[in-house]
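K.L.:
Pasting a structure below so you can have a look.
The values are calculated or read from the model by the stated rules, or taken from the named source; none is laboratory data. Note that this is a predicted model, so its numbers are computed, not measured. Every residue, glycine among them, receives a Cβ derived from its backbone with ideal geometry; neighbour counts consider all protein chains shown. Side chains are part of the model used for accessible areas, which takes the heavy atoms of the whole protein and leaves out ligands, DNA and RNA. Shrake-Rupley method; radii C 1.70, N 1.55, O 1.52, S 1.80 Å.
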Amino acid sequence: MRAKIAVLPGDGIGVEVVAWGAQVLQHVAAKYGHTFQVTEGSIGGIAIDTTGSPLPDASLEICRQADAILLGAVGGPKWDVGPPEARPEYGLLRLRKELRLYANLRPVKTFPALVDSSPLKREIVDGTDLLVLRELTGGLYFGRPRGRSVNKQGIRVKDTLTYTSGEMERIIRLGFDLARLRRKQLASVDKANVLASSGLWREIAEQVAAEYPDVEVEHILVDACAMHLINDPQRFDVLVTENMFGDILSDEASVLTGSLGMLPSASLGRGRRGLYEPVHGTAPDIVGQDKANPLAAILSAGMLLRHSLGLDREAAAVEGAVEDVLAAGFRTPDLARGATGERPVGTQAMGEAVLARIG
Ligand code: IPM
Ligand code: MG
């Protein structure tokens, strides 16, 4: 197969981990006889520094031309100034919006070898296998009007939470479809006891549920969900929720896997083209120290192979290689516990260990 892949490293450790995601893709291509043509583009703080925009037109165009996009992370203290539109994060939000990638899949699966790396007890996390399905192009992160105004009383700020019924229905429906491919359980997460938007969300979830009698549905309030996630994660299969709730719950859920450095994600729209990125951020505190865990980026490359290129066997090879390195004891600092049998490694050695085990 021939495929065009856009690589947007972004800022901070995004650059370090995406390099390994990209290497894994090239390694897979060589092993399985594919040709992946990679084009790099800038996004985030680095793009602001070099072009003045967090998402330069050239980068957006590279992404539009690509079959799939692999992205690192954006942001950093250097750019934490000015209005939201001038910040690195806006580049990522705009990219998702421009490409209409409304569905964000964040699988949270515990690796047997990492069960003791989680700060939670083994009996709680062991066997956890859930999918956070986050709506990605609506809600509070995109609603207008927004901003500040000043009057005699002081400063007033405004963000707007808007959704259409269509936007809600397509993500909820996808939640049911994905649940059907898994254990047929769907938790629809909202705040229907307070928010008008959540009231409609729940109505639509109930309507769609009637078409999926084989899927067991639970409507759960987001605050209770946050609690159950760390109390009893095994009760969850697919969790579907709106943009901000999904942002927050997916970071929380990452703790179950031992580290935020383990969580990949896929952002999908109607076609096959998708955006793949680790859930973690740019980790300014460890940049350039060979400490970043490249596994979330590598697993994101695996999701890219599966969801955008339809290469299931290759994706399984990548996931298998990650399992193998963990079973062999390789641990970046975020995963290390100092237990016997652990092999402390940096980004580079972890990446090489995965490459050596693919195929
Ligand atoms: C994420 C991140 C982004 C988001 C930021 C960087 C804009 O937190 O992908 O979870 O809020 O979606
Ligand atoms: Mg987030």
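K.L.:
Excluding ligands, DNA and RNA, what is the solvent-accessible area per residue of the stretch 1-156 at a probe of 1.4 Å, expressed in Å²?
P.N.:
Result: 46 Å² per residue.
K.L.:
With only alpha-carbon pairs counted, each pair once and no self-pairs, how large is the Kirkwood hydrodynamic radius of the chain in angstroms? Present the calculation step by step, with values, prior to reporting the outcome.
P.N.:
On the way: mean 1/r = 0.0478 Å⁻¹.
Kirkwood radius, the chain: 20.9 Å.
K.L.:
Hey, which of these cross-link pairs are over 32 Å Cα-Cα: 97/121; 97/184; 121/191; 184/291?
P.N.:
In this structure, 97/121; 184/291 lie more than 32 Å apart at Cα.
K.L.:
Go ahead and set up a Gaussian network model of the chain, Cα springs under 10 Å, then flag whichever of 87, 148, 306 fluctuates most.
P.N.:
Looking only at 87, 148, 306, the biggest GNM fluctuation is shown by 148.
K.L.:
Per the 1.4 Å probe, what fraction of the accessible area of the chain, in percent, lies on carbon and sulfur atoms?
P.N.:
52 percent
K.L.:
If you stretched the chain out fully between residue 183 and residue 218, how much longer would it get, using 0.36 nm times the residue separation minus the C-alpha to C-alpha distance?
P.N.:
Working it through step by step, the gained length comes to 11.2 nm.
K.L.:
D for the stretch 119-257, whole µm²/s, Stokes-Einstein with Kirkwood Rh over alpha-carbon pairs at 20 °C and 1.002 mPa s: what number? Numbers along the way, then the final one.
P.N.:
Values: Rh = 16.0 Å.
In µm²/s, the coefficient is 134.
K.L.:
Using the scaling law 2.2 N^0.38 Å as the reference, what is the normalised Cα Rg of the stretch 215-261? Kindly include the intermediate steps, with their values, before the conclusion.
P.N.:
Working: Rg = 10.6 Å, N = 47, 2.2 N^0.38 = 9.5 Å.
In units of the 2.2 N^0.38 Å rule of thumb, it is 1.11.
K.L.:
Pull up the cross-link candidates among the aspartates and glutamates for residue 109, meaning alpha carbon to alpha carbon under 16 Å and not fewer than 8 places away within one chain.
P.N.:
123, 126, 129, 232, 237, 251, 252, 319, 323, 324
K.L.:
Picking from 158, 184, 31, which is most flexible by a Gaussian network model of the chain using Cα springs under 10 Å?
P.N.:
Largest GNM mean-square fluctuation: 158.
K.L.:
Moving to a separate point now. Once you list every other residue whose beta carbon is under 14 Å from the beta carbon of residue 183, what net charge do they have if Lys and Arg are +1 and Asp and Glu are -1? Before the final figure, lay out each step's value.
P.N.:
On the way: positive: 109, 180, 182, 184, 235; negative: 129, 177, 214, 216, 218, 237.
Once positives and negatives cancel, what remains is -1.
K.L.:
Build a GNM of the chain with springs between Cα atoms under 10 Å: which of 275, 326, 71 gets the top mean-square fluctuation?
P.N.:
326
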